[in-house]
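*Asks:* The structure is given below, and queries will be raised subsequently.
Derivation of every value follows stated rules applied to the coordinates shown; laboratory data play no part. The model shown is predicted, which means the values in this text are computed figures rather than measured ones. Cβ placement follows ideal geometry from the backbone for every residue including glycine, while neighbour counts extend to all protein chains displayed.
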Amino acid sequence: MNTMTAPHHQPPKRSGIHYVRVGFATAVILCIPAIAMLFTKEVNWGPGDFLVAAVLLGGTGLGLEFATLRLATGKSRVFAGMAILLAFLLVWAELAVGIVGSPLAGS
């Protein structure tokens, strides 16, 4: 009888703190353009701009949290994190200046 078994990789216990942390960081980052709008006319964001930025930042943060919690090795976490950040930068650049030329490109 073989008593040696492979160790089971148990996923970490779910905690709402991860969602709170991502939400708080997103809110803090979105305060920067909101405060800038009080001091200058150069920053002119509407509610849609804040919504898109919140979804983009929040989705990136949740993706990074998911990768950190679910991936087993440090190497896979680094590669997943780099892919998530690259996707964030590409979407951000496309929305800002239209590097690809999609219909979603900024003016």
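*Asks:* Could you count how many residues in segment 18-28 are under 12 Å from the mean Cα position of the chain (by Cα) and of a type outside the set (Ser, Thr, Tyr)?
*Replies:* Quick first cut of segment 18-28, residues under 12 Å from the mean Cα position of the chain (by Cα) only: 19, 21-23, 25-26.
Keeping just the survivors that are of a type outside the set (Ser, Thr, Tyr) gives 21-23, 25.
Number satisfying all stated conditions: 4.
Here's the yes/no breakdown for (1) among the polar types (S, T, N, Q); (2) without any contact (Cβ under 8 Å) to a residue 60 or more places away in the chain; (3) touching a helix residue (DSSP H, G or I) at 6+ places or on another chain (Cβ under 9 Å); (4) part of a helix (DSSP H, G or I):
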{"site": "Val28", "(1), (2), (3), (4)": "no, yes, no, yes"}
{"site": "Leu38", "(1), (2), (3), (4)": "no, yes, no, yes"}
{"site": "Phe50", "(1), (2), (3), (4)": "no, yes, yes, yes"}
{"site": "Ile84", "(1), (2), (3), (4)": "no, yes, yes, yes"}
{"site": "Leu95", "(1), (2), (3), (4)": "no, yes, yes, yes"}
{"site": "Ile99", "(1), (2), (3), (4)": "no, yes, yes, no"}
{"site": "Ser102", "(1), (2), (3), (4)": "yes, yes, yes, no"}
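*Asks:* Further question: For segment 12-61, which positions are closer than 22 Å to Leu85 by Cα and of a type in the set (Gly, Ala, Ser)? Full working, then the answer.
*Replies:* Keep residues of segment 12-61 that are closer than 22 Å to Leu85 by Cα, which gives 17-33, 49-61.
If the condition is that a residue be closer than 22 Å to Leu85 by Cα and of a type in the set (Gly, Ala, Ser), then Gly23, Ala25, Ala27, Ala53, Ala54, Gly58, Gly59, Gly61 are the ones that fit.
*Asks:* Determine if segment 56-79 includes at least one residue that is closer than 26 Å to Ile17 by Cβ, surrounded by 15 or more Cβ atoms within 10 Å (Cβ to Cβ) and hydroxyl-bearing (Ser, Thr, Tyr).
*Replies:* yes
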